[in-house]
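*Asks:* Got a structure for you, written out below as structure tokens; questions coming shortly.
Please treat every number below as a calculation from the coordinates, not as lab data. Quantities reported herein were computed from a predicted structural model and do not represent experimental measurements. Ideal geometry is used to build each Cβ from the backbone, glycine not excepted, and the neighbour counts take in all protein chains shown.
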Amino acid sequence: MKSLVRENIKNLNAYKVDAPQYEIIVNANESPYDFPMILKRQFCDEICNTDLNRYPEACFPELLKELSDYTGVPEEGIICGSGSDEVIAMINQSFVNAGDVIVSHSPSFAMYDIWATISDARHIRVEDLPEHLPDIDTMISKACENNAKLVYLCNPNNPTGHTFSREDILKILDAVPSLVILDEAYIEFFGESGVDLLTQYPKLLILRTLSKAFGLAGIRCGYALGNKEIIDILYKVKGPYNLNVLTQKLAVIALKNRASILRNLEIVKAEREKAMAFLEELNAFKIYPSGSNFIYFESPQAEEIYEALLKNNILIKYFKEVDRQPGSIRFSLGKPQDNQKILAIIKEVVYNGA
Ligand SMILES: Cc1ncc(COP(=O)(O)O)c(C=O)c1O
């Protein structure tokens, strides 16, 4: 069988992970708040009145209408995927040939690299400068020298929480010959979207998701916002019925009721500031400012902290020390009582060891 497999796929690890079973799960930047019960019931009623023997709408018109209302982008400039992960796949399928160059800052979201590998592209990961500031000038020179097909800017960045200034985004957009993908998976926690740039920059594509601020990671609904020309190209590679009817219905309910769902944002942001202040007071880590729903810090005790939390039935994300990158921790803000528990355990490790 090995001889039949594409070379670039041979060493790729399959994404086969069991659903985590912990009391507190804060390793995947999800929302700690489940979808409101009253809206779940509305969803159930709608499903009872839906013919499930029929294929879903192939191009999700009702959802496009709601997304257009939410983002201000015309429906013709929006496409949806089974999570923004699928949209990243579509971008690679339609724009990237084997051997093409893709540029991103690093560290950033793992799927950029996985899709570059599947596409047999060369992914140039430009290491951040000190303080985890993306190295904009090197990204620009790499993209220009190599005529890069894609440049990724993750804003706010996963995992560092860094937010790009408007100035930096414009500098890149004005300089590179590439499709620039501004990944705004966490934008609701930051608030400064680049959507208004779409009219001026035809090669800009914005990625969004309902998995984070909307608390709907379970339904797999992501979307891209862009110029009609790019969106039409993505439609060419989209699977015929990529968004199932359940996802489409629930996403529409969520968007129609966004005022009440997005109220949780304020709680999460307040918790982030409280947790940040607490950790800073410990004076034991290198903590980075976060524009997102998670906190990222580097520490020689990162592994100890991870193990101590695991022992207490709490799952966070631990990044092992690699090359010049020290061990680090990323955890998303949970409900206030969960955050208190996490912070108390971290404090305990700092003062007394695991
Ligand atoms: C930066 C970033 N982009 C995209 C995604 C994918 O989101 P989804 O596929 O759930 O829409 C994630 C998920 O963690 C992410 O962190």
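*Asks:* Rounded to whole Å and sorted largest first, list the principal axis extents of the Cα atoms in region 37-260.
*Replies:* Here the Cα extents, ordered largest to smallest, are 56, 34, 29 Å.
*Asks:* I've got another one for you. Find the relative contact order for region 114-195 and round it to a whole percent, using C-alpha pairs within less than 8 Å whose residues are 6+ positions apart. Display every interim value, and only then the final one.
*Replies:* Values: 80 pairs, mean separation 23.0, N = 82.
RCO, region 114-195: 28 percent.
*Asks:* In addition: Cα centroid distance between region 96-115 and region 1-54, in Å?
*Replies:* One Cα centre to the other: 23 Å.
*Asks:* Ranking 78, 345 by Cβ neighbours within 10 Å, fewest first, what do you get? Show your work: numbers first, answer last.
*Replies:* Values: 78 23, 345 18.
So the residues, fewest neighbours to most, are 345, 78.
*Asks:* Give the percent of DSSP beta bridges with both residues in the chain that are antiparallel, rounded to the nearest 5. All intermediate terms of the calculation are to be shown ahead of the outcome.
*Replies:* Details: 22 of 42 bridges.
Among the beta bridges of the chain, antiparallel pairing accounts for roughly 50 percent.
*Asks:* With springs only between Cα atoms under 10 Å, which of 57, 188, 86 fluctuates most in a Gaussian network model of the chain?
*Replies:* The residue with the greatest mean-square fluctuation here is 57.
*Asks:* Let me ask you something else. Cut-off is 10 Å between beta-carbons; in what order do 196, 137, 128 appear when sorted fewest neighbours first?
*Replies:* Working: 196 10, 137 13, 128 18.
Least crowded to most crowded, the residues run 196, 137, 128.
*Asks:* Grab the DSSP H runs of the chain that are 4 residues or longer, score each as -39,500 (n - 2.57), total them, divide by all residues and round the 222 nm result to the nearest 500 deg cm²/dmol. If you can, show how the numbers build up before the last one.
*Replies:* Details: 14 runs with 145 residues, N = 354.
One gets -12000 deg cm²/dmol as the mean residue ellipticity at 222 nm.
*Asks:* For region 1-41, what does the alpha-carbon gyration tensor say about shape, rounded, prolate or oblate, given a ≥ b ≥ c as the root eigenvalues, a/c under 1.5 as rounded, and a/b over b/c as prolate?
*Replies:* On the way: a/c = 4.11, a/b = 2.68, b/c = 1.53.
Judged from the Cα gyration tensor, region 1-41 comes out prolate (a/c at least 1.5, a/b above b/c).
*Asks:* Could you work out the relative contact order of the chain? I mean the mean sequence separation of Cα pairs under 8 Å and 6+ apart, divided by the number of residues, in percent. The partial results should precede the final answer.
*Replies:* Numbers: 617 pairs, mean separation 78.5, N = 354.
Reported as a whole number, the value is 22 percent.
*Asks:* While we're here: What list do you get for 331, 285 if you sort them by fewest beta carbons within 10 Å? Write out the running numbers ahead of the final one.
*Replies:* On the way: 331 28, 285 22.
With the fewest neighbours first, 331, 285 line up as 285, 331.
*Asks:* Across region 37-260, how many lysine pairs separated by 8 or more positions, or lying on different chains, have Cα atoms within less than 22 Å?
*Replies:* Lysine pairs satisfying the spacing and distance rule in region 37-260 number 26.
*Asks:* Turning to a different aspect of this structure: Sorting check: for 206-215, 317-326, 142-151, which peptide has the highest mean count of neighbouring beta carbons within 10 Å, and how do the rest follow?
*Replies:* Values: 206-215: 24.9, 317-326: 12.8, 142-151: 19.6.
Put in order of decreasing packing, that is 206-215, 142-151, 317-326.
*Asks:* In addition: Take the alpha carbon gyration tensor of region 205-354, find the square roots of its eigenvalues, order them as a ≥ b ≥ c, and report rounded if a/c is under 1.5; if not, report prolate when a/b exceeds b/c, else oblate.
*Replies:* Working: a/c = 2.52, a/b = 1.92, b/c = 1.31.
Prolate, because a/c is 1.5 or more and a/b exceeds b/c.
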